[in-house]
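Undergrad: Take this structure first; my questions come after.
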């Protein structure tokens, strides 16, 4: 199978790629209040800045009438007086415009310095005025700063201190909009610092700011050299033994996720604690990666893999008294009808389920045997780059090779090279495939994909139609080798 060239135009799934920080909309908010408790005090000013990709795309600012006197020490701190807020709108009047500015939780992430304080006041005000506070994701710049900066760099993580350290364009003044603007520059300064840790997505940012095990924190560097490509990854122990094998469309992103708080599985934490290094095998196609994963798990039985460790244990269906698969179905149908006529509906339903399993397993066995009996089938599937294809060669139910079309090279030459270099597999006449049942089912699922096309095949490939117990044969048109 091909390990050399990778499809540079590979388009990974959204969950593999993550939400890039540069493409995420952040709403940075700051409040001024009449005291320190949302139960006993009220908001006096709101300032917010909406930013994406380092650019400010909107600002929001308003004074708020707190419905009571502002204490003198608050006026000294903020400069906001009773006379300034007497004609200002109430928080109830402000909420619709504020929520509109924030946007939906799907598009915006809320940022605040010491976020529990600001979010606590906003949530309390929403509840008091019968508004539902959306379930925004929240980033706390104070918490992040404590994790990325040392005492040698800053004596504390107050907004004023960080604004000076990161050379913010706006100095904090204890006025909401000024402080929100300063927090924007602090946020961007933290993002630059996090870049050295390989944090580029929102998921990685959340993981970095959450509690990690010491092993996750200390061994995060093991993911730094993993390529950004489809393939297989192997966590290995101190004796080079495989601990865990997995696959992904984007190896780097997937492996890095093990070192974030998004990974909560206890056994994965145990695995990371004994991991010595991580290997990566780049594959031309995701199907190749999935099959390699199955084979490695089957061969090495990694301790931390629970799935696919016993692929050589097929389930057999046995009938007695010389009853064939069709006669068995007839008898089960009669039993079901007899139970139904006697109004024993629960027993009838159980027999109905038995019939369903009989038909399903019979069809599955025919599909596996049909592919396992086929000397060769070559398939084509379009990739994200228009006009280019991935090719797969299967022999006797085993993945024998893969290839990618190359611009400017005749597809027929690529197919000939694939056929010549693919693994040589000799059929043994058995009903069992040359690989494993799990591998064959992966291959069958790939064949069933509506985008997959048959380029060529050797031998006869006949499959039953599931709705009938009698096999039905049909000719399959072949794809033009010149595409």
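The values are calculated or read from the model by the stated rules, or taken from the named source; none is laboratory data. Quantities reported herein were computed from a predicted structural model and do not represent experimental measurements. No Cβ is skipped: glycine too gets one built from the backbone with ideal geometry, and neighbour counts run over all protein chains shown.
Undergrad: Taking the residues in the range 93-116 that are loosely packed, with under 15 Cβ neighbours inside 10 Å and without any contact (Cβ under 8 Å) to a residue 40 or more places away in the chain as candidates, determine which candidate is nearest to residue 70 (Cα to Cα).
TA: Top of the filtered list is 93.
Undergrad: Also: Scan the range 62-88 residue by residue and report those that are under 26 Å from residue 110 (Cβ atoms), exposed (fewer than 15 other Cβ atoms within 10 Å of the Cβ) and touching a helix residue (DSSP H, G or I) at 6+ places or on another chain (Cβ under 9 Å).
TA: The one that is under 26 Å from residue 110 (Cβ atoms), exposed (fewer than 15 other Cβ atoms within 10 Å of the Cβ) and touching a helix residue (DSSP H, G or I) at 6+ places or on another chain (Cβ under 9 Å): 67.
Conditions tested, residue by residue: (1) at pLDDT 80 or above; (2) within 27 Å of residue 294 (Cα to Cα).
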{"site": "398", "(1), (2)": "yes, yes"}
{"site": "401", "(1), (2)": "yes, yes"}
{"site": "415", "(1), (2)": "yes, yes"}
{"site": "418", "(1), (2)": "yes, yes"}
{"site": "424", "(1), (2)": "yes, yes"}
{"site": "432", "(1), (2)": "no, yes"}
{"site": "454", "(1), (2)": "yes, yes"}
{"site": "466", "(1), (2)": "no, no"}
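Undergrad: Of all residues in the range 8-44, how many are modelled with pLDDT of 90 or more and surrounded by 15 or more Cβ atoms within 10 Å (Cβ to Cβ)?
TA: 18
Undergrad: Considering only the range 168-196, how many residues are crowded, with 17+ Cβ neighbours inside 10 Å, without any contact (Cβ under 8 Å) to a residue 24 or more places away in the chain and either in a loop (DSSP other than H, G, I, E, B) or on the phi > 0 side of the Ramachandran plot (or both)?
TA: Going through the range 168-196 one residue at a time, the tally reaches 2.
Undergrad: Looking at the range 265-310, which of the residues that are assigned to a loop (DSSP other than H, G, I, E, B) and surrounded by fewer than 16 Cβ atoms within 10 Å (Cβ to Cβ) is modelled with the highest pLDDT?
TA: For the range 265-310, the residue satisfying everything is 276.
Undergrad: Being touching a helix residue (DSSP H, G or I) at 6+ places or on another chain (Cβ under 7 Å) and modelled with pLDDT of 90 or more narrows it down to one of 181, 175, so name that one.
TA: 175 is the lone residue from the list that is touching a helix residue (DSSP H, G or I) at 6+ places or on another chain (Cβ under 7 Å) and modelled with pLDDT of 90 or more.
Condition check ((1) part of a helix (DSSP H, G or I); (2) crowded, with 20+ Cβ neighbours inside 10 Å) across all residues:
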site: 161; (1), (2): yes, no
site: 206; (1), (2): yes, no
site: 215; (1), (2): yes, no
site: 225; (1), (2): no, no
site: 240; (1), (2): no, no
site: 253; (1), (2): yes, yes
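Undergrad: Might you check whether a residue that is surrounded by fewer than 20 Cβ atoms within 10 Å (Cβ to Cβ), over 24 Å from the mean Cα position of the chain (by Cα), in contact (Cβ under 8 Å) with a residue 12 or more places away in the chain and in the same structural domain as residue 257 (by TED's automatic domain parsing) occurs anywhere in the range 228-238?
TA: Within the range 228-238, one or more residues are surrounded by fewer than 20 Cβ atoms within 10 Å (Cβ to Cβ), over 24 Å from the mean Cα position of the chain (by Cα), in contact (Cβ under 8 Å) with a residue 12 or more places away in the chain and in the same structural domain as residue 257 (by TED's automatic domain parsing).
Undergrad: Could you tell me which numbered condition residue 109 fails, if it satisfies all but one of (1) at pLDDT below 95; (2) within 31 Å of the chain's Cα centre (by Cα)?
TA: Condition not satisfied by residue 109: (1).
Undergrad: Being in contact with a strand residue (DSSP E or B) (Cβ under 8 Å, 6 or more places away or on another chain), modelled with pLDDT of 95 or more and surrounded by fewer than 20 Cβ atoms within 10 Å (Cβ to Cβ): is that true of residue 119 here?
TA: Spelling it out, residue 119 is indeed in contact with a strand residue (DSSP E or B) (Cβ under 8 Å, 6 or more places away or on another chain), modelled with pLDDT of 95 or more and surrounded by fewer than 20 Cβ atoms within 10 Å (Cβ to Cβ).
Undergrad: Looking at this structure, is residue 379 in the same structural domain as residue 460 (by TED's automatic domain parsing), modelled with pLDDT of 75 or more and within 33 Å of the chain's Cα centre (by Cα)? Write out each step before concluding.
TA: Numbers: in the same structural domain as residue 460 (by TED's automatic domain parsing): yes; modelled with pLDDT of 75 or more: yes; within 33 Å of the chain's Cα centre (by Cα): yes.
So residue 379 passes the test.
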